[in-house]
Each structure stands twice: as C-alpha cells, then as structure tokens.
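Notes for the one structure printed next.
The values are calculated or read from the model by the stated rules, or taken from the named source; none is laboratory data. Fair warning: this is a prediction, and the values are worked out from it, not measured in the lab. Glycine gets a Cβ as well: all are built from the backbone with ideal geometry, and neighbour counts include every protein chain shown. These accessible areas exclude ligands, DNA and RNA; they are computed on the full protein's heavy atoms, side chains included. Shrake-Rupley method; radii C 1.70, N 1.55, O 1.52, S 1.80 Å.
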Amino acid sequence: MSILVIEPHYLGNIEYFTLLNQYDQVTLEVQDSFPKQTYRNRSYFLTSNKVQPVIVPVSYSNGMPTKEVKIDYSQRWVKDHWGAFYSAYGKAPFFEYFSEEFRKIWEKNFDYLVDLSFEFLQMSIKLLQIKVDVKLTANYEDSHDLDFRDTINPKKPFSDRKIYDSITYRQLFGNTFVPNLSITDLIMCEGPNAAQILKNSARRK
C-alpha cells in the first residue's frame, strides 16, 4: 500500500487536504530541519477586508528538527488567532457547530508546534470524515516512493503543482472566490458538504 510522506501544516490549506484525501496512509515528516516561511506554522483566513495570514510564533535554532520546535508564548498569538478566526467565520453557517472544536485546541497551550498541528489535523480529518491513518516519522530518510515533502509551499502558486483544482463554494466575504485558503474556510462555510467539495477538488490525472 502506498504511503504519502509530507510535512505537517498548521491548519493546512485545501490543496493539502485534497492530497491527504487520496491516500489511506500518511506519514508526517518531523525529523527534518525546520525551514522558514512555510505552511508549517502559518495559514490563511478570509476576513471582510483581506486574506489574513495567521502565523504561530516559534522558537528554534538552525538545523533543529521540526519535532523539537517550540511555540513562543511570549507573544499573544492565541488571542490573535482566535480573534482572526472569529472575525473571519463568526457569521459563517457552521461556526456555531464547529467553533468550540477549534477553541479547545488553541487553549491547550501545546509546547511543541508539531503537537498543535497534529491535533488540528486530526480534528479536521474527523470533521471531513476522511479515512486515513496518520503517523509521524521515527527517523529521517532521504527519499520515499510518494515524497511530497516541501511540495506545497507558499512561495509557489498551487496551479503549478497540479494537485488541486479550485472548486468554488460559497464564501462569506467578497464577490470574487479566493481559492486554497485554510481548510477552516471550507469547513465553516460548507459544513457537511465540505467532504464532497474536497473530493471534487482532486486534480484528475
């Protein structure tokens, strides 16, 4: 059975979950050196005024494995992320159904970024009813058969990667659809329909 290998993302985008949804087994790479400016500690919400980045501040040194990267609580990021979440989705159709799931995870105050991201991943998988077994890497290997590590990167447009077709759905703000936001956007706006939209978003080979 094929095993997808990819790094953990913080509240991963729709492209990320579209990819996960195509495999029965996923291994998250946590033994690699933590890089800057990736989706590992950032995501994007759609608010009334803009697409807003939400970034988890972290403390790490060069070459530190991803699994050892700690969250920096000297900054008020939890309150900021909840505020951005409420501003973006407080009036969304499914906010009252799912918002507590998000709040509880933010309030757990995880020490490590990996633990925070993994908890959000497991919650999203449950809400989307994705049948996938997710594990963490025990050691680092240079290559894998299905190696998608660092493939989904904010520095490159998603259209170049040919993983995800932008399927429109109803969003709360604006007249122009904004693709590939955090999976949070799809869950809050579409609820039970999110799973089918995710399935339809897979790029046909």
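Computed quantities for the displayed model
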read-out	value
Which of Met123, Val134, Ile197, positive extreme of dipole for the stretch 61-205 (C-beta unit charges)	Ile197
Solvent-accessible heavy-atom area per residue, rounded to whole Å², over the stretch 9-144 at 1.4 Å	50 Å²
Furthest towards positive pole of dipole, Val58, His81, Tyr23, structure part the chain, Cβ charges	His81
Amide H within-cut-off set for Tyr112, under 5 Å, with H built and near neighbours excluded	Ile71
Cα-Cα over 19 Å, subset of Lys50/Lys70; Lys36/Lys135; Lys36/Lys156; Lys36/Lys155; Lys104/Lys126	Lys50/Lys70; Lys36/Lys135
Relative intensity, log₁₀ I(q)/I(0), of the stretch 28-127 from a Debye sum that treats every alpha carbon as a point, q = 0.15, 0.16, 0.21, 0.23 Å⁻¹	-0.65, -0.73, -1.19, -1.36
Prolate/oblate/rounded label for the stretch 80-185 (Cα gyration tensor, a/c 1.5)	oblate
Two-site label geometry, Gln52 and Asp160: point separation in nm, points 7 Å out along Cα→Cβ	2.9 nm
The chain: DSSP helices with Cα axial extent of at least 15 Å and average Kyte-Doolittle hydropathy no lower than -0.5	77-89, 113-128
Accessible-area composition of the stretch 58-205, carbon plus sulfur, in percent [1.4 Å probe]	46 percent
Amide hydrogen neighbours beyond the local backbone of Tyr44, cut-off 5 Å, H modeled	Val54, Ser182
